[in-house]
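Right, one structure below, let's go through it.
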Amino acid sequence: MCRRKSPVRRLLGYVSPYAYLLMIGLLCTIMASLLNLVVYWIVKELVDTVLIGSDAVNMNRMLNTTVVGVIILFAVKGIFAYGQVYFMSFVGHRVVTDLRGEVYNHLQYMPIEYHESKHTGEMISGITNDVAVLQAGVSSGLADLISQTVMSVGILGLMFYLDWRLSLVTLSIMPAVVWVVGKAGNKLRRITGLIQSAIADVTTVLQETLSGIKVIKAFTMEAREMERFRRENEGNFEASMRGVKVHAFISPLIELLSVLGLAGVLWFGGRRVIQGGLTVGEFMAFLGAAGTLPTPLARFSSSYGGLNQALGAALRVFGLLDQSPEIIDFKDAISIPGPIEGRIDFDSVSFEYRTDEPVLHDIEFTVMPGEIVALVGPSGSGKTTIANLIPRFYQPESGKVYIDGYDISKVTLRSLRSQIGLVPQETVLFSMSVSENIAYGNPNAGMEDIINAAGLANAHDFIMGLPLQYDTVVGEKGATLSGGERQRIAIARAILRDPRILILDEATSSLDPESEAEVQEALTRLLRNRTTLVIAHRMSTIQMADRILVIDKGRIVESGNHEELMAKGGLYSRLASLGFSSGFKGGA
C-alpha cells in the first residue's frame, strides 16, 4: 500500500521549481540576521576601547570609525533585508498562485455529485482562505522562522564566547520555553481547523443570501438572514479569538520566563565584573545579547505557530486535491468520430444516488437520429437523472448507454460532450459580454456566426438595443437581462455549438406569455434536425415531441404520442388533467 506524503513534503514539491530563488532569499535572511549580531560586538569595543580608554587621540579615531562602521553595517543589512522580503515573498506568492490554480482546476474535474454535496462557500473558502494561510506560512512565516533561528543561535554563540558561565545561567530557563512553544504550536494547529471551518460557514451564508436576495426580500426574511449571518459571524469571531488567546498568551509568557533568566544574569554577571572576570564592555555586550534573546525566541514561537496554521491549511487543501476527480477516461478510451448521427440507446440502465435507494430501474428506450422525445412524469420520477446519464454526469450502476452504437463509458468525455448541447431550465450566463456568452461553447466562432445564431434565437433585436450591443457585459448570472432574454442567449449558444444531440430542460416554464412565444419560436429552429431529449413541463413543448416517455418511480410506464397516451387513460392522462406545469415541473 502506497503511503501518502506528508503535507510538508508535498509543499516542498511546489517550492522545488523556485528552489534557487528560495535559497537566495534564505541567504539574504541569514546575512541580515548575522549582521544584527555585529552590533553587540561594536558595543563591547565601544565601551572597552572608546568610553573607558585612556588614549584620547585613539579614542576619537575609534569613535569616528565606529560611527561610520555602524552606518555601513546597516546599509548592507538593508540590502539583505530587501532581498529577504522580496525573494521569500516571490516564492510564497508563486507557490500559492500555482496551488490555487491546481485547486481550481481540480474542482472543475470533480464530479457533479461532489458539487451538489458541497456548499459553494466551502469550496470558495478552500481556494481563498486556506491558500492565503499557506501563503503567509511559505513566505513570511518560513523567512521569519529562519531569521529568528539564526538570531537565536548567533546570540547564544556570542554569549558563550563572552562568558560560558553566564550563558548557562541564562539558558536554565530554555527547557520551559521549548515546552511552551511546542504545546502552543499543537494547539494552534487544531484551532486553525476550527477557524477555517467557521470562515467557510460565513462564506456559504454570504453566497447564499446575496444570490437569493430577491427571495429573501419577497418573503420579508431579512431579519432572519441577518440573524443567521450574525450567528455564523460570531462563531467565526469566537474561533478566531481562541487563536488570538494562544498567540497573546505565549509571547508574554516566554518573555516573563526569559526575564527571570535575565535577573539571574544581572546578579551573577555583576559579581563577575566586580571580581575582574569580565570587562565592562563584555558585560554590556552580554546584557544586550541576553536582553535581546527573548525577542527572537518569542518571534520564533509566533512563526512556529504560523507554520502550524499553514500546515493545518495544507492538510485541508491536499485533502481536497486527494478527492477522486470526475469519471475519467479509460486508457483505451476512443473518440467518437464526428459528426455523429445522434442515435441514443438505453439498455437496461439502473442508477442510484445512495446505496440501496435506486432512482432508475432497468430503463430501456431508443431515440432515433433527429427524433424529439419528451420525458414527462411527477417530480422526482427520474427524468433529470436519465438526461444526466447521456453526457456521463453520472455513471449507471448497471446497464449501458450508447451513442451511435458506442458505449459511452468507453469513449473520451471530450468527444462525447462535444456532440451534446444543453439548455437548462435555469439559464447560466457568465459575467462577460453577450458575444462571449453566445460563443461560450464555440470560442473560435467569428462575429458573423455569433450574430447569425442570435438571429435564429430571436435575440439579435434586443441585443442591438443594449448599451454596447454584443459587447455589453451581462453581469453576474445575466442579472441585467430578463428571463426571456437570458433564455434566448442560451439558445443562441446552443445553436452556435451546433450539437447533434440536444438536452432541453423546459426553457419556457417560468416565462411570461410574450417571452414564451419568442423563446418557443427560437426553440423550434434549434430542435430542427437534431436528436432531442426534452424534460417537458408544458403542453406547447410536449406537442412538439415525436414521442413521449412517461416516467414514474424510476420506470418507463407509458410511451407514445399525445393522442395515444390520452386515449389510454393512464398516468399521462391523469396528470394532463391537472395541468402539465403543476404535475410535471421540477425534480429528478
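All of the numbers you see were taken from the coordinates with simple rules; none came from a lab. Computed from a predicted structure; not experimentally measured. Here Cβ is always computed from backbone atoms with ideal geometry, including for glycine, and neighbour counts include all displayed protein chains.
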Work out how much length residue 521 to residue 67 would gain on full extension: take 0.36 nm times their residue separation and subtract the Cα-Cα distance, in nm to one decimal. 154.7 nm
Over 32 Å between C-alpha atoms is what I'm after, so list which of 410/553; 383/410; 400/568; 410/568 land there. 410/568
What distance in nm separates the two pseudo spin-label positions at residue 464 and residue 322, each 7 Å out from Cα along the beta-carbon direction? 5.9
Listed with the fewest Cβ neighbours within 10 Å leading, 557, 349 appear as 557, 349
Less than 14 Å Cβ to Cβ from residue 565, Lys/Arg counted +1 and Asp/Glu -1: what total charge do the surrounding residues give? -2
State, to one decimal in nm, how far the label point of residue 430 lies from the label point of residue 275, with both points 7 Å from Cα in the Cβ direction. 7.8
Packing-based exposure ordering (other Cβ within 10 Å, fewest first) of 412, 204, 524: 524, 412, 204
Rounded to the nearest 0.05, what FRET efficiency do residue 553 and residue 197 give with R0 = 22 Å and r taken as the Cβ-Cβ distance? Could you check? 0.05
Gain upon complete extension [residue 12, residue 334; 0.36 nm per residue less C-alpha separation]: 112.2 nm
If I take R0 = 56 Å and measure r between the Cβ atoms of residue 498 and residue 27 in this structure, what FRET efficiency does the formula 1/(1 + (r/R0)^6) give, to the nearest 0.05? 0.45
Points 7 angstrom from Cα along the Cβ direction at residue 347 and residue 266: gap in nanometres? 9.0
Calculated FRET efficiency for the pair residue 448/residue 409, C-beta based, R₀ 35 Å, to 0.05: 0.35
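Under the classification rounded if a/c is under 1.5, otherwise prolate if a/b is larger than b/c and oblate if not, where does the range 430-498 fall, given a ≥ b ≥ c as square roots of the Cα gyration tensor eigenvalues?
Because its axes are fairly even, with a/c under 1.5, the range 430-498 counts as rounded.
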Full extension between residue 102 and residue 153 adds, at 0.36 nm per residue less the Cα distance, a length in nm of 14.5 nm
